[in-house]
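Chemist: I'd like to ask some things about the structure below.
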Amino acid sequence: MARAPLTQDWKTNLCDSGEDGDCSRSCFIGCDQFGRTQHRLRQVDRHEDPLDLSEYKGYIGSGIFTAKQTKRIRETYSIKGTYGDDVAKGIFCQPCSLIRNELEVRRRETDKRAGELASGPFPLGELNYQPIYAMATEGYRLEPQMTSQNLRHKNQAAEIEQAHALYRYILQGMNLASYR
């Protein structure tokens, strides 16, 4: 079916406040206003009366999902509050709740990372991780050997020398030794 040519203008101005609380519903319960419009469009598609809202059940579901996310954030970071408050804010001020949730997680994780970095380097993996491969300080063996000495290794200067040896080996392999 061919579409009609696009020749129509909007019948409503963008800043028209509407009637019967449309403006406040859009501001404070935007998800419900969206649901009403969506219901009307479905009625148009079904060739039913789009002005009949008798079967409209409300569309506040997305506010509930926002509330569940807020509850999870509160539990994760031990933030005071109740689920009832989360639901009310998720339904009646969903944009604000969504923004607050995003900023809260971002800021707390940024602070957490800054605290970890301030405490100094930390090993990845298991605690008290020690390197298990021995590298020759002169060149590099094809197959590194695991030794008990490396497991008990505490001399930081030797570890640095091993890293330099590996670095030199890589540069030699890439013919970049002259760029050091």
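The values are calculated or read from the model by the stated rules, or taken from the named source; none is laboratory data. Predicted, not measured: the structure shown is a model, and the values here were computed from it. Cβ: placed from backbone, ideal geometry, glycine included. Neighbour counts: every protein chain shown.
Chemist: Take Leu127 and tell me if it is modelled with pLDDT under 80, assigned to a helix (DSSP H, G or I), more than 26 Å from Ser24 (Cα to Cα) and of a type in the set (A, V, I, L, M).
Modeler: no
Chemist: Another one. Go through (1) in contact with a helix residue (DSSP H, G or I) (Cβ under 7 Å, 6 or more places away or on another chain); (2) modelled with pLDDT under 85; (3) aliphatic (A, V, I, L, M) for Ala114 and report which single condition fails.
Modeler: Only one criterion is unmet by Ala114, namely (1).
Chemist: Evaluate region 22-30: report whether one residue or more is modelled with pLDDT of 75 or more and either in contact with a Ser or Thr (Cβ under 7 Å, 6 or more places away or on another chain) or more than 15 Å from Gln94 (Cβ to Cβ) (or both).
Modeler: yes
Chemist: Wholly within region 1-84, which helices (runs of 4 or more DSSP H) include no fewer than the required count, namely at least 2 residues that are among the hydroxyl-bearing types (Ser, Thr, Tyr), surrounded by 13 or more Cβ atoms within 10 Å (Cβ to Cβ) and in the same structural domain as Leu103 (by TED's automatic domain parsing)?
Modeler: 61-77
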